[in-house]
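Presented below is the structure to which this report refers.
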Amino acid sequence: MSMNCEDVERFAGAYADGELDLERTLALEAHVSTCAACTTRLDEAHAVKHALRAAPYFRAPEALAARVRAAAAAASTDATGMARQANILRVQRNRWRPWLLSAVSLAAAALVFVVVLRERAAVADDATTEAVIEGHVRSLMAGHLVDVASTDRHTVKPWFAGRVDFSPTVVDLVTDGFPLVGGRVDYIDRHTAAALIYKRRDHVINVFVWPQATGSPSHVTRSDVRGYHLISWTRGGMAVWIVSDLALSELEDFGRKLDAAMHD
Amino acid sequence: MSAVSHEALLSHLDAAYNLARWLMGNPADAEDVVQDAYVRALAGAEQFRGGDPRAWLLSIVRNGCYSSHRRLRVRQATDFDETVHGEDTGTPSPEQLTIDRDTSRRVRLAVESLTPESQEVIVLREFEGLSYKEIAEVVAAPVGTVMSRLSRARAQLAAALAEQRG
């Protein structure tokens, strides 16, 4: 793929937003490196984004927040959402009930993963981060994405027996929109790793898994390097690294579902 | 758990209000739209099936803004009012304080000069940090359309900012 000035004009914003796929990113960068006009164009795209940081952010006034919370409390006591008006009167007596409901659903939702994920942890071990990106890029460039191509986890999991000295958990996320593509043995930062490959539309997601003895609880890190998003955590004695050029929010969604399914 | 929790919806209140505040152009209408959107979302929370709760909520807010505009017939072009400026923008961070007030005012005017179609993609992308896919969900348009609307919106912003500089 190659790009001309018109293509760059079209994709400069998506590039500045980190929303361009790998192939287009490389083509755009190749063109820009030889074109002064398009270099200026990219600078302008970044300048507009930068200028917008000065815009005000409107937070909800406290009075509105109070009304919305009251509406939520009323809806909690009445799952169908009907007759909300009548229920507002009952809220006084049943005040403990929405609180209890809140506590229970909060506990269920607050998987350690989610909570820790939100706290932007410091950039993970640089050497491993680089190795994971290299592994990802290598798998795309060499046309060596998978050693075993299968969308069936019952085919992929046994394939690793005898190839790695641990048994990776392979989960099916096709109903979540992340079909399994296959598996591969890789070598990441002195670890023999099981690589599981998933896809989201045309985006490839590499999941690297290797045993990691650690006493610390699940420790989630996120990083953003050269247009790739990485998320990693450790659970059940296994280090898990996921990497893709997918939008961060989608990769986070994938990470949550993967982590939940692996420890179901 | 496919139904969206009320806590999840409540956690996006600022995002809902910020979007409505930009699209409606004034605090009173924005509050009305947001409150109405929450009543709808809370009533529909049990029926919510998958997807991103924030995008779902924001799409309800966004549709509320559009139907409110239709009711009001004409979108009042509110003149910039210095007394209104910053009325509910929260406590400025130290970083914000260093940005000179004039810059903030100029950027605000530029964003306010956009059409709602351009404004909403800028707000969702730049102020809320939504991915193109999430924006596509909110505005019910394909991702490619989101990309071209953002391009156009940014070109309009660049022009508006340049014009202010004279």
> Among the residues of the stretch B:96-112, is any more than 8 Å from chain A (Cβ to nearest Cβ), part of a loop (DSSP other than H, G, I, E, B) and modelled with pLDDT of 90 or more?
Replying inline: no
> Just for strands (runs of 3 or more DSSP E) wholly inside the stretch A:177-264: which have at least 3 residues that are of a type in the set (Gly, Ala, Ser), modelled with pLDDT of 90 or more and touching a strand residue (DSSP E or B) at 6+ places or on another chain (Cβ under 7 Å)?
Replying inline: A:191-200
> Looking only at the stretch B:146-160, which residues are hydrophobic (A, V, I, L, M, F, W, C), surrounded by 19 or more Cβ atoms within 10 Å (Cβ to Cβ) and either farther than 15 Å from B:Glu117 by Cβ or more than 8 Å from chain A (Cβ to nearest Cβ) (or both)?
Replying inline: B:Val146, B:Ala153
> Could you list, in sequence order, the residues of the stretch B:124-145 that are surrounded by 22 or more Cβ atoms within 10 Å (Cβ to Cβ) and more than 9 Å from chain A (Cβ to nearest Cβ)?
Replying inline: B:Leu124, B:Ile135, B:Val138
> Do we find a residue being more than 14 Å from chain B (Cβ to nearest Cβ), part of a helix (DSSP H, G or I) and modelled with pLDDT under 90 anywhere in the stretch A:13-22?
Replying inline: yes
> Given the structure, is A:Asp43 free of Cβ contacts under 8 Å to residues at least 24 places away in the same chain and assigned to a helix (DSSP H, G or I)?
Replying inline: yes
> Pick from A:Thr39, A:Thr25: which is of a type in the set (S, T, N, Q), surrounded by 15 or more Cβ atoms within 10 Å (Cβ to Cβ) and farther than 30 Å from B:Pro27 by Cβ?
Replying inline: A:Thr25
> If you check B:Asp52, B:Asp36, which single one turns out to be touching a residue at least 24 places away in the same chain (Cβ under 8 Å), under 20 Å from B:His69 (Cβ atoms) and of a type in the set (D, E, K, R)?
Replying inline: B:Asp36
> Of the residues A:Val146, A:Val164, A:Val137, A:Val112, which is closer than 23 Å to A:Gly236 by Cβ, β-branched (Val, Ile, Thr) and at pLDDT 75 or above?
Replying inline: A:Val164
> So which of A:Phe254, A:Phe178, A:Phe208 is touching a residue at least 40 places away in the same chain (Cβ under 8 Å), in contact with a Gly (Cβ under 8 Å, 6 or more places away or on another chain), buried (at least 18 other Cβ atoms within 10 Å of the Cβ) and under 24 Å from A:Val148 (Cβ atoms)?
Replying inline: A:Phe208
>> For the stretch B:1-70, give me every one of the helices (runs of 4 or more DSSP H) that falls completely inside it and has 3 or more residues that are buried (at least 23 other Cβ atoms within 10 Å of the Cβ), at the interface with chain A (Cβ under 10 Å from one of its Cβ atoms) and not basic (Lys, Arg).
In response: B:13-24, B:27-44
>> Go through (1) within 11 Å of chain B (Cβ to nearest Cβ); (2) touching an Asp or Glu at 6+ places or on another chain (Cβ under 6 Å) for A:Met1 and report which single condition fails.
In response: (1)
> Does A:Gly81 satisfy the criteria of being in contact with a Leu (Cβ under 7 Å, 6 or more places away or on another chain) and modelled with pLDDT under 90?
Replying inline: yes
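The values are calculated or read from the model by the stated rules, or taken from the named source; none is laboratory data. Computed from a predicted structure; not experimentally measured. Neighbour counts run over all protein chains shown; Cβ positions are idealised from the backbone, glycine included.
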